[in-house]
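The values are calculated or read from the model by the stated rules, or taken from the named source; none is laboratory data. Since the structure is predicted, the reported quantities are computational estimates derived from the model, not experimental observations. Every residue, glycine among them, receives a Cβ derived from its backbone with ideal geometry; neighbour counts consider all protein chains shown.
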Amino acid sequence: MNTQPPASNQKTFACETCAVRLRAEASPKSFLARLWRWHTGWCPGWKAYQKHLATQTKP
């Protein structure tokens with residue numbers, strides 16, 4: 001039995017579709033937005049997502 005997910009060329013990140021991130025971006029002065037910004041300062045997943053985005057924009 002194979003329990004591994006199918007191989008894909010695209011790496012996916014939970015940050016792309018995170019409901020908390022979307023709500024924080026919709027209301028940047030809210031408490032949730034401040035909490036989100038604090039969270040992104042130390043979150044390894046967010047840092048990996050930002051690194052991935054940076055490599056996508058380079059020609």
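Residues that are hydrophobic (A, V, I, L, M, F, W, C), under 16 Å from T17 (Cβ atoms) and assigned to a helix (DSSP H, G or I) within region 28-54 comprise W36, W46, A48, L53, listed in sequence order. Of everything in region 7-27, what is in a loop (DSSP other than H, G, I, E, B) and either of a type outside the set (G, A, S) or at pLDDT 95 or above (or both)? Give them in sequence order. Residues satisfying the conditions are N9, Q10, K11, T12, F13, T17, C18, S27.
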